[in-house]
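Structure first, then comments.
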Amino acid sequence: MAKTRRRTATRKSSRWPYVLVVVLVLLAGLWWYYGAIAQGYARTGTAYAARVACSCRFVAGRDMDDCAKDKLGGMEFITLSADEEEKSVTARFPLIASDTARMREGYGCVLEKWED
């Protein structure tokens, strides 16, 4: 009986590399299929968040904690950071997108040019 338990435990522990490979292949396939869509949404979301937060902070003069409340639903993963000296706000979606908006006199807050 003890030998049967050992064999079962050995078989189960030797399966995990195969399961890991299958999961990684599935994730890679999903990223290949949906990656461009995800990047587009992330890029649009960070651009919008940076522009709105910059206007909130440097045009309206509100605190960044208060400006973070202006993010729309679905933008929970986007983080905001302000640079007071440069009068800019950067919005980041982890590992995918980042955009910065700067306060320009006479223009308000303007996004930096996108470089692909």
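Just so you know, all these numbers are worked out from the coordinates, no wet-lab data involved. As the structure is a prediction and not an experimental result, all values here were calculated from the model. Cβ coordinates were reconstructed from backbone atoms using ideal geometry, including for glycine residues, and neighbour counts include every protein chain displayed.
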Original post:
Per the helix-only calculation at 222 nm, which mean residue ellipticity applies to the chain, given -39500 (n - 2.57) for every DSSP H run of n ≥ 4 and division by its residues, nearest 500 deg cm²/dmol?
Top reply: -17500 deg cm²/dmol
Original post:
Using a Gaussian network for the chain with springs between C-alpha atoms less than 10 Å apart, which of these wobbles most: Leu20, Leu80, Leu72?
Top reply: Leu20
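Arrange the following residues from fewest to most other Cβ atoms within 10 Å of their Cβ: Cys54, Cys67. Don't jump to the answer; show the numbers that get you there.
Values: Cys54 26, Cys67 21.
If I rank by nearby Cβ atoms, fewest first, I get Cys67, Cys54.
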Subject >> Additional length obtainable on full extension of the chain from Leu27 to Thr79, 0.36 nm per residue less Cα span >> reply: 16.3 nm
Original post:
Angle between the Cα long axis of helix 2-54 and the longest principal axis of the chain, 0 to 90 degrees, nearest 10?
Top reply: 10
Original post:
So what's the range 24-78 giving for Cα Rg divided by 2.2 N^0.38 Å, two decimals?
Top reply: 1.50
Subject >> Separation of the Leu95 and Arg15 label points, Cα + 7 Å toward Cβ, nm >> reply: 2.7
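Number of Lys pairs in the chain with C-alpha atoms less than 24 angstrom apart, excluding same-chain neighbours closer than eight positions?
Pairs that pass both the separation and distance tests number 5.
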Original post:
For the range 2-111, what are the per-bin percents of Cα-Cα distances with bins 10 Å wide, up to the bin holding the maximum?
Top reply: 14, 31, 18, 13, 11, 8, 4, 1, 0
